[in-house]
Amino acid sequence: AQSVAQPEDQVNVAEGNPLTVKCTYSVSGNPYLFWYVQYPNRGLQFLLKYITGDNLVKGSYGFEAEFNKSQTSFHLKKPSALVSDSALYFCAVRDMYGFNKFYFGSGTKLNVKP
Amino acid sequence: NAGVTQTPKFRVLKTGQSMTLLCAQDMNHEYMYWYRQDPGMGLRLIHYSVGEGTTAKGEVPDGYNVSRLKKQNFLLGLESAAPSQTSVYFCASGPDIYEQFFGPGTRLTVL
């Protein structure tokens, strides 16, 4: 069965420090992986995706994610966090046989402190 | 472009009442989705559509029905609301299987 796990409910980081938000997945077949961000009382906004190609994917707002097939992970990273990055982050996966179904993780709340 | 819009933004129902949530998109997208978001559970797919006149079940379809009579609209219906359907409902649309654009959400409370 397809699934996504975000092992941390919350991540705290100081402004200017690097941040990592973790995601692991389980799919049958090749995965299509996504990161979304949600600000309070708003819908989800697309950050980046991995379909194929380079394992390091660059996205919006300076975020990037590294696909690791052997560890079935797709961690979100940013070299220098901003207070405005504080939000809820969701990892999602769709497999190549997924019949248009996306599976979302439970979300990780990122707190960036000044 | 307005993107993806949802009507209404908030609604309170009594158990057993029915209602319809409307999702509209002006991006000419083929794919449309309805999700529910509950604390600590992320988003779960209720139903989706791959084009006008088509619908399919997602992960949690029970208690919901959908229709896509026009390409730009995707309706989610609750025939007999239950407290377990208290949630925030998000609609999304996409031009292909890889991208989704989300609406602002509808907060539904069933008493």
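The charge dipole of segment B:58-111, taken about the Cα centre with unit charges on the Cβ atoms of Lys, Arg (+1) and Asp, Glu (-1), comes to about 260 debye, rounded to the nearest 20. Directionally averaged projected area (segment A:1-46, Cα convex hull): 4.7 nm². Counting only Cα atoms, the protein assembly as shown measures 50, 37, 36 Å along its principal axes, largest extent leading. For segment A:15-114, the Cβ-based charge dipole about the Cα centre amounts to some 160 debye (Lys, Arg positive; Asp, Glu negative; other atoms uncharged).
On a per residue basis, the convex hull of the C-alpha atoms belonging to chain A measures out at 97 Å³. Close amide-amide hydrogen proximity is noted between B:Gln17 and B:Ala81, each under 5 Å apart and 5 or more residues distant or on a separate chain (H modeled in the peptide plane; Pro and chain starts excluded). Across chain B, Cα-Cα distances exceeding 24 Å account for 16% of all pairs. Sequence-ordered 3J(HN,Hα) estimates for segment B:8-13 from the Karplus curve with 6.51, -1.76 and 1.60 and θ = phi - 60° stand at x, 7, 9, 7, 10, 10 Hz, glycine and proline given as x.
Using only Cα atoms, locate the centre of segment B:7-38 and the centre of segment B:51-69, then give the distance between them in Å, rounded to an integer. For segment B:7-38 versus segment B:51-69, the Cα centre distance is 12 Å. Net charge in the neighbourhood of A:Lys22 (other residues with Cβ under 15 Å of its Cβ; Lys, Arg +1, Asp, Glu -1) is -1.
Too long at a 31 Å Cα-Cα cut-off: which of A:Lys69/B:Lys9; A:Lys109/B:Lys70; A:Lys22/A:Lys101; A:Lys69/B:Lys57?
On the way: A:Lys69/B:Lys9 40 Å; A:Lys109/B:Lys70 37 Å; A:Lys22/A:Lys101 22 Å; A:Lys69/B:Lys57 29 Å.
Violating the 31 Å Cα-Cα cut-off are A:Lys69/B:Lys9; A:Lys109/B:Lys70.
Residue by residue, segment B:66-71 carries 3J(HN,Hα) couplings of 9, 8, 9, 6, 10, 4 Hz when phi is fed to the Karplus relation 6.51 cos²θ - 1.76 cosθ + 1.60 (θ = phi - 60°); x denotes Gly or Pro.
For B:Thr106, what is the net charge nearby, where nearby means another residue's Cβ is under 11 Å from its Cβ and Lys, Arg count +1, Asp, Glu -1?
On the way: positive: B:Lys9, B:Arg11, B:Arg36, B:Arg107; negative: none.
That sum, taken over residues with Cβ under 11 Å, equals +4.
For segment A:76-90, the Karplus equation 6.51 cos²θ - 1.76 cosθ + 1.60, evaluated at θ = phi - 60°, returns couplings of 8, 9, 8, x, 9, 6, 10, 4, 5, 6, 4, 4, 9, 10, 10 Hz by residue, with Gly and Pro reported as x.
All of the numbers you see were taken from the coordinates with simple rules; none came from a lab. Remember, it's a predicted structure, so these values are computed and weren't measured experimentally. Don't worry about glycine lacking a Cβ; one is built from the backbone with ideal geometry, like all the others, and counts go over all protein chains shown.
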